[in-house]
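Undergrad: One structure is given below, represented as structure tokens, and several questions about it will come after.
The values are calculated or read from the model by the stated rules, or taken from the named source; none is laboratory data. What you see is a predicted model; the values in this text were computed from it and never measured. Ideal geometry is used to build each Cβ from the backbone, glycine not excepted, and the neighbour counts take in all protein chains shown. The area values use the complete protein model at the heavy-atom level, side chains included, leaving out ligands, DNA and RNA. Shrake-Rupley method; radii C 1.70, N 1.55, O 1.52, S 1.80 Å.
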Amino acid sequence: GSSESGKTYFAKQLLQRKLFRVSRIYYFHPDCHEETPTDWHDTLDVPVIFSSQFPNSEDFLRMPEFSCIVFDDLMVECAKSKCVDYLYRVLSGKRKIHVLLMSQRYFHHDRYSISIRNCSNYQVLMRNADTSNVSQIGRSLGLKQEIAYATECNRSKEYPYIFIDRTNKARARNTQVYIDILSKYFILVRGSMKFYLLSEQDFKRSFSLKDSELAENVDSKQKEAVGSGDTFARCETTKSRSDSSGAKSHSGRRDKTVKSRQNIWRRRAAFKTQIRRALHKYKINS
């Protein structure tokens, strides 16, 4: 993203969200006249180590597992560094090290720039002064339609971002482009539609699975059961009154009971149809 597009703020929010395990943060920055360029050491609950000196392979090997390395505005140095290329290709996977690289240019042409892009599991597009650059990124990733629609959805946001999941699981499930991963519910873009993703806990709180493709609303099911009980209670009351007065025949009571049961089954059928339509519209998967 361009300057002042919110790259550092997004990285901080991403770490606070705790979407992945982090034991320590190493923040590398180009400003040699400032020891702490951000307030991460005061706002994050993990140790943050700042350094204006560019690291080497020995520094990477000394870092403990689940460390997070942040390169702030050091794309030129990273694209020329053989040890950073080794970090992306080999070391990060073996040592479980996370790497965040913030840059103002996506298509940086240097020795290891393509290797760094190919080895990145996730990419985030912020506001860019050159809007055609975003379209070019969408074409290069095979996500032209999704990124174009995500850009349109982000038009009114002050600090928009497009989160791209490039893992094999996301590619196979077609869940690659997001416009919100920091709120309670992720907002996914698939084709030219937005989808709100529920967590398993929230899903089970409101729905019960009927089969692999159908779910039923728990609250509505309980209301339906209460309504059914009231209907049968009214039927029993009517039956007792008719027995005492002798005004109604057995056939009349039987017809009323049949009609009440038919009404119950009609409501249940209408409710199931409503659920199927909702699932078809919002693609809610277990």
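Undergrad: Name the long-range amide H neighbours of Leu100: under 5 Å, sequence gap of 5 or more, or other chain; modelled H, no Pro or chain starts.
TA: The list, which skips near neighbours in sequence, is Ile69, Val70, Phe71.
Undergrad: Using a 1.4 angstrom probe on heavy atoms only, work out the carbon and sulfur share of the accessible area of the range 139-209 in %.
TA: 49 percent
Undergrad: Count neighbours as other Cβ atoms within 10 Å of each site's Cβ, and list the GluC sites (Glu not before Pro) in the range 73-168 that are DSSP loop with at most 12 such neighbours.
TA: Glu158
Undergrad: List, in the order given, every pair from Lys12/Lys194; Lys94/Lys157; Lys82/Lys157; Lys7/Lys82; Lys169/Lys204 whose Cα-Cα distance in the structure shown is over 29 Å.
TA: Lys94/Lys157; Lys82/Lys157
Undergrad: Right, here's the next one. Expressed in nm², what is the orientationally averaged projection area of the convex hull enclosing the Cα positions of the range 1-151?
TA: The number I arrive at for the range 1-151 is 9.1 nm².
Undergrad: Please list 3J(HN,Hα) in residue order for the range 105-110, calculated via the Karplus relation 6.51 cos²θ - 1.76 cosθ + 1.60 where θ = phi - 60°; whole Hz, with x for glycine and proline.
TA: 10, 7, 8, 8, 9, 8
Undergrad: Residue-wise, which Karplus ³J(HN,Hα) couplings in Hz belong to the range 157-170, taking 6.51 cos²θ - 1.76 cosθ + 1.60, θ = phi - 60°, and x for glycine or proline?
TA: 7, 6, 10, x, 8, 10, 9, 10, 9, 9, 6, 5, 5, 5
Undergrad: 7 Å from Cα along Cα→Cβ at both Thr43 and Leu279: what's the point-to-point distance in nm?
TA: For Thr43 paired with Leu279, the spin-label model returns 4.2 nm.
Undergrad: A follow-up question, please. Can you list, bin by bin at 5 Å, the percent of alpha carbon pairs in the range 28-95, starting at 0?
TA: For the range 28-95, the pair-distance distribution reads 3, 15, 26, 24, 20, 10, 2.
Undergrad: Still on this structure, please answer the following. So what's the net charge close to Gln104: Lys and Arg +1, Asp and Glu -1, counting the other residues with Cβ under 13 Å from its Cβ?
TA: Summing Lys/Arg as +1 and Asp/Glu as -1 gives -1.
Undergrad: Quick one: what are the phi-derived ³J(HN,Hα) couplings along the range 133-149, Karplus 6.51/-1.76/1.60 with θ = phi - 60°, whole Hz, x for glycine and proline?
TA: Karplus-based 3J(HN,Hα) across the range 133-149 equals 5, 5, 5, 5, 5, x, 5, 5, 8, x, 10, 4, 5, 5, 5, 5, 5 Hz.
Undergrad: A further question on this structure: Given H placed on each backbone N at 1.01 Å, which residues far from Ser2 in sequence or on other chains put an amide H within less than 5 Å of it?
TA: Arg127, Asn128, Ala129
Undergrad: Here's a follow-up. Using a simple spin-label model with points 7 Å from Cα along the Cα→Cβ vector, what separation in nm is obtained for Asn56 and Tyr196?
TA: 5.4 nm
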